[in-house]
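Below is one structure, written out as structure tokens, with a few remarks after it.
The values are calculated or read from the model by the stated rules, or taken from the named source; none is laboratory data. Note that the structure is a prediction, hence the values are computed from the model and not measured. Here the Cβ positions follow ideal geometry from the backbone for every residue, glycine too, while neighbour counts run over all protein chains shown.
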Amino acid sequence: MTRKMKKTIIMALCMGALSISPIAVRGVDAAMTFTQNKDSYAEIAFDTLTIDLGTFSEKDPVQKCTFNFTNEGTAPLVIHQAFASCGCTVPKYTKTPIKPGCKGKIDVTYNGQGKFEGKFQKTITVRSNAKNNVVRLTIKGHMTK
């Protein structure tokens, strides 16, 4: 590759980065508006961190539960993601910002179909813009024949 070709490629990359930068910066600014002020923050407080689904039959393998939470902070709370430790557990969460003092929920569905009978424990990781930005929730239970 010639020196002129290298220079052209570098200039093209720089121009591309410069053309994208303002958009990316505006997006970051918009996302950060909730947490920029040191006196303003979101704080997620769950009613419980563990739900015991109890004992249930293999004939009824789909179990559901809900984790309720409150934004105890002074800025809107945004949940960025909630994911489970296993594909048999599916969380669905409030996608809109939760105002200070307001409530939200994470619905969790466990599907034990095709799983071995016995005790189980699954973890749901919740990431948000809160001061406590990573929270781990747990479901557990016992599936019998």
>> Test of understanding: among 120, 69, which residue is closer than 14 Å to residue 49 by Cβ and among the aromatic types (Phe, Trp, Tyr)?
In response: 69
> Is it true that residue 76 is closer than 30 Å to residue 114 by Cβ and in contact (Cβ under 8 Å) with a residue 24 or more places away in the chain?
Replying inline: no
>> For a quick check of your reading of the model, give me the residue pairs whose first member lies in segment 82-96 and is touching a residue at least 24 places away in the same chain (Cβ under 8 Å) and more than 11 Å from residue 126 (Cα to Cα), whose second is of a type in the set (A, V, I, L, M, F, W, C) and surrounded by 12 or more Cβ atoms within 10 Å (Cβ to Cβ), with beta-carbon atoms closer than 7 Å and at least 6 apart or on different chains.
In response: 89/108; 89/124; 89/139
>> Whether any residue in segment 97-111 is surrounded by fewer than 16 Cβ atoms within 10 Å (Cβ to Cβ), at pLDDT below 95 and of a type in the set (D, E, K, R) is what I want to check.
In response: no
>> Take residue 8 and tell me if it is within 17 Å of the chain's Cα centre (by Cα) and either at pLDDT below 95 or within 20 Å of residue 122 (Cβ to Cβ) (or both).
In response: no
